[in-house]
Amino acid sequence: TFFELDREAEWREKVWLIVPYDPSVLKRLWSLDEKEDELPSAFASKTFQITFHVPPPVLSDWDKFLEKCLKEAFPQHKEDVELNIVKRLFRLRPKKVSRSLTPRDIKQFVNRVCALHQQWCGTIPLRFQALYALCEDGIDEGKLISGELPEPKVLDLLGEERRNWQKYLAALYFNVPPDKAIHVLIGNDVREALISADGERLKRLSNVQGFIEVVEDILDKMDLKEQPEQIGKASLA
């Protein structure tokens, strides 16, 4: 529509069409084999008379942009250390292969943390909400139990409450209050290990903060009159 203009239209000289595009996307769409690699380039050079190449943002640029977005989103934290920790956590985010950081990535991250903050403000510290937003795609029950995440350098940023990271991330993952999160995370596994006298399974679960409390709660609820053998197996485990 925009290219097939009436040559005599007076407004034609006043209209510019600016099209942002990624050359690599054109290649993925059209290049079915190596012989057709020239097709995307030919299309672009024929269609767009002038081409400007936009470089990816450098570290200092997106760092300032992230700080600006965070201060706008969390004005109550803009003068304290919490936002600085969130910004440093973002620097350690999981990298996506062959993909540069974009302003959209930053906005999506800040928006996700905002959504979590609306739900968990005052219950879970902001830094753990940010950590969850960064790791959300890679979190599952197995990794929460095994302690595979976060990395040691990430834990160092979390401060004195870093020992509670499993509780807070489990609360966000299961959408339950933090004081119930560990029970929801390992409760079924602990119960099965106790009643089957599986000491090795219990040992693997014991690295989770709050493990002792979960064991005590499960033992308290065992019905010794109906199933007296359970306490013996639990003791053996």
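Bear in mind these aren't lab numbers, they're just calculated from the coordinates by the rules spelled out. Keep in mind that this is a model prediction, so the values were computed, not measured. Note: ideal-geometry Cβ built from the backbone for every residue, glycine included; neighbour counts use all protein chains shown.
Here are the numbers for this structure:
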quantity	calculated
Whole-angstrom Cα spans of the chain along principal axes, big to small	96, 50, 31
Cα→Cβ-extended label distance, 7 Å offset, between Leu219 and Leu59, nm	5.1
If the convex hull is drawn through the Cα atoms of the stretch 60-152, its volume per residue in Å³	116
Within the chain, longest stretch free of exposed trypsin sites (Lys or Arg not before Pro) [DSSP loop, at most 15 other beta carbons within 10 Å]	100-220
Kirkwood hydrodynamic radius of the stretch 88-208, Cα pairs, Å	15.5
Candidates Glu82, Glu151, Glu226: whichever shows maximal mean-square fluctuation once the chain is modelled as a Gaussian network with Cα springs under 10 Å	Glu226
Full-stretch length increase - Val176, Leu26 - with 0.36 nm per residue and alpha-carbon distance subtracted	49.5 nm
Theoretical ellipticity at 222 nm over the chain - DSSP helices of four or more residues, -39500 (n - 2.57) apiece, nearest 500	-17500 deg cm²/dmol
Within the chain, longest stretch free of exposed chymotrypsin sites (Phe, Trp or Tyr not before Pro) [DSSP loop, at most 13 other beta carbons within 10 Å]	53-237
Extension gain from Trp11 to Arg93, taking 0.36 nm per residue of separation minus the Cα-Cα distance	24.7 nm
For the stretch 149-237, average projected area of the Cα convex hull in nm²	6.3
DSSP-assigned coil residues among GluC sites (Glu not before Pro) in the stretch 127-156, each with at most 16 further Cβ atoms within 10 Å	Glu148
The chain: most fluctuating residue of Leu172, Leu155, Leu29 per GNM, C-alpha cutoff 10 Å	Leu29
Cross-link table Lys27/Lys143; Lys78/Lys153; Lys71/Lys143, entries beyond 30 Å C-alpha to C-alpha	Lys27/Lys143; Lys71/Lys143
